[in-house]
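*Asks:* Sharing a structure with you now.
The values are calculated or read from the model by the stated rules, or taken from the named source; none is laboratory data. Note that the structure is a prediction, hence the values are computed from the model and not measured. Virtual Cβ from ideal backbone geometry, glycine too; neighbours counted across all protein chains shown. Accessible surface areas use protein heavy atoms only, side chains included; no ligands, DNA or RNA. Shrake-Rupley method; radii C 1.70, N 1.55, O 1.52, S 1.80 Å.
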2 protein chains.
Amino acid sequence: MLHCILASTSTVYGKPFLNYLLPEIDKLFKNNSEIIFIPFAQPGGISCSDYTAKVSDALAPIDIKVRGLHEFESPIDAISKANGIFVGGGNTFVLLKTIYDLGLFKPLQDALKNGVPYMGTSAGTNICGPTICTTNDMPIVYPPSFESIGIVPFQINPHFIDAEENSTHMGENRETRIAEYLYHNNTPVLGLREGSFIEIKGDSITLKGPLSAPLFRSGSKKEELPTGSDLKIIGL
Amino acid sequence: MLHCILASTSTVYGKPFLNYLLPEIDKLFKNNSEIIFIPFAQPGGISCSDYTAKVSDALAPIDIKVRGLHEFESPIDAISKANGIFVGGGNTFVLLKTIYDLGLFKPLQDALKNGVPYMGTSAGTNICGPTICTTNDMPIVYPPSFESIGIVPFQINPHFIDAEENSTHMGENRETRIAEYLYHNNTPVLGLREGSFIEIKGDSITLKGPLSAPLFRSGSKKEELPTGSDLKIIGL
């Protein structure tokens, strides 16, 4: 039975790293004294060891021990035996490329399908859609495919941000980017604002957190889904 | 002899599409009554015909006729015979994928090297670096490579925007993204603010427009290059 938390961000404004998610993480990993952290998205180029230490510190108050996947001689073996997995944010292209390069794609997908509790933030959430085509990240490395592990049947856009009405910047805003995605693809896109997360428990997929989430479908107007919405219907 | 204008954006705040660039476009294409427009980046999903018409209207005041590349039976042949080429902004992944799919990579590179005047805005500028790895666009399609036509020896980040000091949004800012690029790659990155452009004439590469441009190199502090700077030295 799937059991996942897919969060837009690790950090909400004004609170320490992972702090707002601690109650969820505590519930998700309640039967696990040790989880595996996948640090490969390396935000800002932080080392895998430093990133793992940062997560370890953040989870200490809820007594969860963290081991970085980079520490294992066989990452495939480690994922196959994991009791809990957390994939942190950073660069989605680097994360997905490393998952492919290390042969972790199928083991990770299998672990989730077999019910290993999984928590993703930002890039770790992106890879749970069918592709990484709606990431906001810079394509700093070339992965062998944009196909990702597809735990939810819709695309996720983490860190979703509404257009600024008075912006003088002429780069595309987020909605324009998603409209461009939908011009070339048919999969619906859920924008996850910071503070929002998706809870997956078996067959149920639910929007959680204090905010609503915009849903974009090809040929339809944007819908705002209230928190608590059943998201299973999106992919149908 | 190379002759190119590579602009950060087609549009600066408060002015009509391409308006601020008209004097440059006029000089660049002064010997051409007709140029070829490559509309494949399709910003916001605009059709190739509508995008070409929009450019045609914008260039009418300086008496330049525009033909969209999508109108030709053989785009390769059209590029080989072009007297002037303009590649407009939109989605860089779609643009580059289409260039590869239609077999236009080498013909376009050859045209530029043979001195055909070239103008790029945004995505059309991105593809003139060695790779598209510093685009801001969403990876909505998967090109066969991120390698681009490499007219300048450094990466360009168009629509460069400085970090907002009081932002409450926790997604990576532009400098963090570029730092992540430089963690995984060695090619220097030039941020082009809106209104800035690069002029290439033979061996000379010069920063133009009213603003300075930040230069990022692996292991060095950001440098601000004043307008008028010789950019040829960056790639050395």
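*Asks:* Can you tell me which residue in region A:142-188 is least open to solvent (accessible area, probe 1.4 Å), limited to those that are hydroxyl-bearing (Ser, Thr, Tyr) and closer than 16 Å to B:Glu164 by Cβ?
*Replies:* Restricting attention to region A:142-188, the residues satisfying the condition of being hydroxyl-bearing (Ser, Thr, Tyr) are A:142, A:145, A:148, A:167-168, A:176, A:181, A:183, A:187.
Filter once more, keeping what is closer than 16 Å to B:Glu164 by Cβ: A:167-168.
On the way: A:Ser167: 47, A:Thr168: 76 Å².
Here the residue is A:Ser167.
*Asks:* Scan A:Glu199, A:Glu164 and give me the residue that is within 13 Å of A:Thr125 (Cβ to Cβ) and not hydroxyl-bearing (Ser, Thr, Tyr).
*Replies:* Numbers: A:Glu164 fails: within 13 Å of A:Thr125 (Cβ to Cβ).
A:Glu199 is the lone residue from the list that is within 13 Å of A:Thr125 (Cβ to Cβ) and not hydroxyl-bearing (Ser, Thr, Tyr).
*Asks:* Here's something else I'd like to know. What's the total number of residues in region A:131-166 that are within 17 Å of the chain's Cα centre (by Cα), of a type in the set (Phe, Trp, Tyr) and in a loop (DSSP other than H, G, I, E, B)?
*Replies:* 2
*Asks:* When you scan region B:167-220 for strands (runs of 3 or more DSSP E) that lie fully inside it, which ones turn up with 1 or more residues that are of a type in the set (D, E, K, R) and either away from chain A (no Cβ under 14 Å) or within 15 Å of the chain's Cα centre (by Cα) (or both)?
*Replies:* B:189-193, B:197-201, B:204-208
*Asks:* If B:Ile99 satisfies every condition in (1) closer than 30 Å to A:Ile132 by Cα; (2) modelled with pLDDT under 95 but one, which is the exception?
*Replies:* With respect to (1) closer than 30 Å to A:Ile132 by Cα; (2) modelled with pLDDT under 95, B:Ile99 is out only on (2).
*Asks:* Among the residues of region A:131-138, is there at least one that is away from chain B (no Cβ under 11 Å) and either open to solvent by 10 Å² or more (accessible area, probe 1.4 Å) or closer than 16 Å to A:Leu18 by Cα (or both)?
*Replies:* No, region A:131-138 contains no residue that is away from chain B (no Cβ under 11 Å) and either open to solvent by 10 Å² or more (accessible area, probe 1.4 Å) or closer than 16 Å to A:Leu18 by Cα (or both).
*Asks:* While we're here: Among the acidic types (Asp, Glu) and out of contact with any Asp or Glu (no Cβ under 9 Å at 6 or more places or on another chain): is that true of B:Glu24 in this structure?
*Replies:* In short, no.
*Asks:* With the requirement that a residue be modelled with pLDDT of 95 or more and more than 10 Å from chain B (Cβ to nearest Cβ), what does region A:156-166 give you?
*Replies:* Answer for region A:156-166, where residues must be modelled with pLDDT of 95 or more and more than 10 Å from chain B (Cβ to nearest Cβ): just A:Ile156.
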